Amino acid sequence: MEWEHIYKEILSAVSDGVYIVDMRRKILFWNKAAERITGYSAEEIMGEHCAETGLHHVDMHGEPLCELGCPLVAATETGKVQRERVFVRHKEGYRVPIETQVFPVYRNGVDVGAVDIFRPVSGRVYDDHLIEQLSDAATRDPLTGLSNRRYLRDYLQYKLYASRQFGKKFAVLFGDVDDFHQFNNTYGHDAGDSVLKNIARTFRENLRAGDRVARWGGEEFVGVFAVRAPADVRALGQKMCQLVRNTEIDHAGHPLHATMSIGITLMRPEDTVETMLARADALMYESKRKGKDCVTAG
């Protein structure tokens, strides 16, 4: 009997949930206790990417871990054991609080994945809607309903990791509404808030799966967008600039319009979160110097 088979027999018999993933977070093993705790059978889970299952891990503040701070990613990146208390979504729709320990897995000295060992921390379960509300409070801007700055930074960190693992290209956009202070002084803060909300809605309605836009602060917006080729970057920025230009709000029976200066940049192999944001910000200010209502790509 091969040792690998013996190990799987042992893991199948333990009372804690156990699952194993490869470096792409595809689930390779799912034991009986994991089935009992989550309601999902091995047949439903194995072979799936962790983020694409119905488990939807969130931390104790409601933040989604598959995109923000995944312990599996942290274990494989750092080589260190990760210990967390999180919520997992049961197949029947409620949340189960669990304690999880994630260990990096090596073969011949090379990191090949991770093993997650988890157990419920109480007999209590939680309504999924309440957890989602908690997540919204932690990750969304209350005025616009977009993601907030904290979420976007974490999501950008995840995208950098995913890009290096899977070779997927993405761009970061930094946009600033032109002359917004003057706009507020002329028409009032309520009109200014309406402009921000309309711009946010316009962005939200034009996002694809995997794209994110956040209100960075004040009249600033930052977006993360999947792209297929470098040539797509400028076209994407121009599209967003045009969408803002065409946004209109009614103010005392009169239409009001706003414009945005945009900087947009493609991820580079050596990039960090800070370098990408700084480069996009600098490109945005170059658009301001060019006369505003335009795009600078780089």
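The values are calculated or read from the model by the stated rules, or taken from the named source; none is laboratory data. What you see is a predicted model, and the numbers here were worked out from it, not measured in a lab. Here the Cβ is made from the backbone with ideal geometry for all residues, glycine too, and neighbour counts use every protein chain on show. For accessibility, only protein heavy atoms count, side chains too; no ligands or nucleic acids. Shrake-Rupley method; radii C 1.70, N 1.55, O 1.52, S 1.80 Å.
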Exercise. Under a GNM of the chain (C-alpha, springs under 10 Å), which listed residue has the highest mean-square fluctuation: TYR19, TYR151, TYR126?
Worked result: TYR126
Problem set entry | Rounded accessible area of GLU248 (nearest 10 Å², 1.4 Å probe) | 100
For this session: Name the residue farthest towards the positive end of the dipole of the chain from the options ASN184, TYR106, ALA280, assuming +1 on Cβ of Lys and Arg, -1 on Cβ of Asp and Glu, about the Cα centre.
Result: ALA280
Exercise. Assigning unit charges at the beta carbon (Lys, Arg +1; Asp, Glu -1) and nothing else, what dipole magnitude in debye, to the nearest 20, does segment 172-298 show about its Cα centre?
Worked result: 420
Seminar exercise, completed: For segment 241-254, Karplus-derived ³J(HN,Hα) couplings (6.51, -1.76, 1.60; θ = phi - 60°; whole Hz; x for glycine and proline) come out as 4, 5, 4, 5, 4, 8, 6, 9, 10, 8, 10, 6, x, 10
Exercise. Which number do you get for Rg(Cα) / (2.2 N^0.38 Å) in segment 227-298?
Worked result: 1.29
Seminar exercise, completed: Nearest-0.05 FRET efficiency for SER194 and VAL14 at R0 = 45 Å, using Cβ-Cβ distance, is 0.20
Problem set entry | Taking the convex hull of Cα positions in segment 1-101, its mean projected area over all directions (nm²) | 6.6
For this session: Go ahead and set up a Gaussian network model of the chain, Cα springs under 10 Å, then flag whichever of VAL222, VAL81, VAL21 fluctuates most.
Result: VAL81
Problem set entry | FRET efficiency, 1/(1 + (r/R0)^6) with R0 45 Å, evaluated for VAL273 and ARG36 via beta carbons | 0.70
Exercise. Can you pull the percent of Cα pairs in segment 132-275 with separation above 23 Å?
Worked result: 36
Exercise. R0 = 35 Å: FRET efficiency of ASP232 with GLU48, Cβ-based, nearest 0.05?
Worked result: 0.75
For this session: Show the residues, 5+ positions off or on another chain, whose built amide H is closer than 5 Å to the amide H of PHE170.
Result: VAL227, MET267
Exercise. Does segment 191-269 classify as rounded, prolate or oblate by the C-alpha gyration tensor (a ≥ b ≥ c root eigenvalues; a/c under 1.5 gives rounded; else a/b over b/c gives prolate, otherwise oblate)?
Worked result: prolate
Exercise. Once phi is turned into ³J(HN,Hα) by the Karplus curve 6.51 cos²θ - 1.76 cosθ + 1.60 with θ = phi - 60°, what whole-Hz value does each residue of segment 53-67 show in order, with x for glycine and proline?
Worked result: 7, x, 5, 6, 4, 10, 7, 6, 9, x, 7, x, 7, 5, 10
Exercise. Full extension from HIS61 to ARG289: what is 0.36 nm times the residue separation minus their Cα-Cα distance, to one decimal in nm?
Worked result: 78.0 nm
For this session: State in Å² the accessible area per residue of the chain; use a 1.4 Å probe, count heavy atoms of protein chains only, and round to the nearest integer.
Result: 51
Exercise. Using modelled backbone amide H atoms (1.01 Å from N, in-plane), which distant-in-sequence or interchain residues come within less than 5 Å of TYR40's amide H?
Worked result: LYS91
For this session: Express in Å², to the nearest 10, the accessible area of SER194 obtained by rolling a 1.4 Å probe over the protein heavy atoms while all chains stay in place.
Result: 40
Exercise. How do 103-111, 236-244 rank on mean C-beta neighbours within 10 Å, highest first?
Worked result: 236-244, 103-111
For this session: Calculate what fraction, in whole %, of the accessible area of the chain sits on carbon and sulfur atoms when a 1.4 Å probe is rolled over the protein chains.
Result: 50
For this session: Quick one: what are the phi-derived ³J(HN,Hα) couplings along segment 261-267, Karplus 6.51/-1.76/1.60 with θ = phi - 60°, whole Hz, x for glycine and proline?
Result: 8, 10, x, 9, 9, 8, 4
For this session: Please grab the % of Cα pairs in the chain that end up more than 35 Å from each other.
Result: 31
Seminar exercise, completed: Each label sits 7 Å from Cα toward the beta-carbon; between VAL112 and ALA252 the label points are separated, in nm, by 7.2
Exercise. Given springs between every Cα pair under 10 Å in a Gaussian network model of the chain, which of GLY223, GLY113, GLY47 has the largest fluctuation?
Worked result: GLY47
Exercise. For SER147, which sequence-distant residues (separation of 5 or more, or a different chain) have an amide H within less than 5 Å of its own amide H, given hydrogens modelled in the peptide plane?
Worked result: ASP141, VAL213, ARG215
